[in-house]
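The values are calculated or read from the model by the stated rules, or taken from the named source; none is laboratory data. These figures come from a predicted structure and were not determined experimentally. Neighbour counts run over all protein chains shown; Cβ positions are idealised from the backbone, glycine included. Keep in mind that these areas ignore ligands, DNA and RNA; they rest on the heavy atoms of the full protein, side chains included. Shrake-Rupley method; radii C 1.70, N 1.55, O 1.52, S 1.80 Å.
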Amino acid sequence: MLSGLPCTSPYLDDILVGGRTVEEHNQNLNCVLQRLQEYGFTVKFEKCRFFMRQVKYLGQLLDTVGIRLDPDKVKAIVNKPPPHDVPTLRSYLGAINYYGKYIREMRTLRQLDELLRESTSFQWTDIQQRSFDRFKEILQSPLMLTHFNPRLLIIVSADASNVGIGARIAHRFPDGSEKAVYHASRSLTPAESRYSQIEKEALGLVYAVTKFHRMIYGRQFVLQTDHKPLLAIFGSKRGIPLYTANRLQRWAPTMLLYDFSIEYISTDHFGHADILSRLINSHIKPDEEYIIASLKVEEVLCNIVCHSIEYLPITYKTIAEETNQDRTLQKVIEFVQKGWPGDAKSLTETAGVKHFFARRDSLYVARRVLMYSDRIVVLKKLEQKVLQQLHRGHPGTDRMRSLAWNFVYWPNIDEQITVLSRQNGHQDEARIVAHPRETMAKVTC
């Protein structure tokens, strides 16, 4: 539609119009508006910008000087505070290891290994600070950054910690080297900080693709994560697993908008994203609209909890208080919020925790209680009360299981329902198979 118009470049849903002088600019703009009118298109005036001396687009600044680096794309690097403990120091050294293969000087900055020794107290001196400042300078330099080029392989990386989210979009060149196009990070809201670890990691991926939307929408790219369970959730062609946590189910449609192949990178080789999520300035907050939306989502989760306990003979307050006192569930909640170990064999300190390991991707915390998908996790001391309520009206085994699968969960719940039904003589299905005529006669009468 816009072919042949001078100084005009359409990109996705935007049209950039330029000119060397004001008169030339106006003439080019009139040609564009006339062409739009000929094709029957309209534009929304509120979304248009006219007579701009500088345009910020795709992480670059376009003006009379040419194409220059946008300071916002390295703001996450500029505002990065120094490490304050051993975990953040490990993240910093991991980033040095990652970028060191591209720039030799990076290896000389790794002078902080002494602080990792158990016998050494963590003391950040001027020597370490100079090394850290030089590291930030290198990450901001043209040697480590490149302009966005849609013809090159696009790599999007995202990671999350207990305090923030880090993301990076980069290009991989034919020789195998990588250069960043844009660094981004933000801290978690109070509601997000209570998410399970898998939800935080998934939130990092959603944040990355929406942050870099203009550069990746409609294009193939590689999405990198160091959280292996997300490969089965966002990378499976068979769809979202049935008992995936509610937040992941809501985020899945957002990820379906993009054409990507998801790739697992071990944490040891993920320093470029890990450092952005851990060494984060607390002043980098999400937009106000995002915080409001996050609070709305929490309201939805609260409604789910209330709906789950509406038909139970116990109140939410009872479940929350008992959950707070239950050693097993508290340990499970700790793993949910801070991350599970890599192997179930290490879960020997608390009996019952190992059972939840296989279901860890579907667990989350809402209003101080543990949830398994849409079902509330019931404590052992409250199981009999709930079973009595499920058995009210003397339904059969299948009906009791159907009710339980909608509202509650605990280990071996199906077996307990079967035992309870048999104890009370509910073997209707067996009678129908053994005596079909007698059963039919009774129904007829």
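Working note: Karplus 6.51/-1.76/1.60 with θ = phi - 60° gives the range 13-19 the couplings 9, 10, 10, 9, 10, x, x Hz, where Gly and Pro are set to x. Note on the range 9-98: percent of Cα-Cα distances in each 10 Å bin, starting at 0 and stopping at the bin with the largest distance, equals 12, 32, 22, 13, 13, 8, 0.
If I take R0 = 22 Å and measure r between the Cβ atoms of Met52 and Leu2 in this structure, what FRET efficiency does the formula 1/(1 + (r/R0)^6) give, to the nearest 0.05? Between Met52 and Leu2 the formula returns 0.70. To the nearest 10, the accessible area of Lys338 is 140 Å² with a 1.4 Å probe. To the nearest 10, the accessible area of Thr21 is 70 Å² with a 1.4 Å probe. In a DSSP loop and with at most 16 other Cβ atoms within 10 Å, the chymotrypsin sites (Phe, Trp or Tyr not before Pro) in the range 1-79 are Tyr39, Phe41, Phe50, Phe51. Pairs exceeding a 24 Å alpha-carbon distance, out of Lys136/Lys211; Lys200/Lys317; Lys80/Lys179; Lys80/Lys228: Lys200/Lys317; Lys80/Lys228. A convex hull fitted around the alpha carbon atoms of the range 117-223 yields 161 Å³ per residue. Of the residues Tyr264, Tyr316, the one with the largest accessible area comes first in the ranking Tyr264, Tyr316, computed with a 1.4 Å probe on protein heavy atoms. The accessible area of Arg367, taken with all protein chains in place and a 1.4 Å probe, comes to roughly 90 Å². Figure note: Leu387, Leu62 ranked by solvent-accessible area, largest first, 1.4 Å probe, ligands and nucleic acids not counted: Leu62, Leu387.
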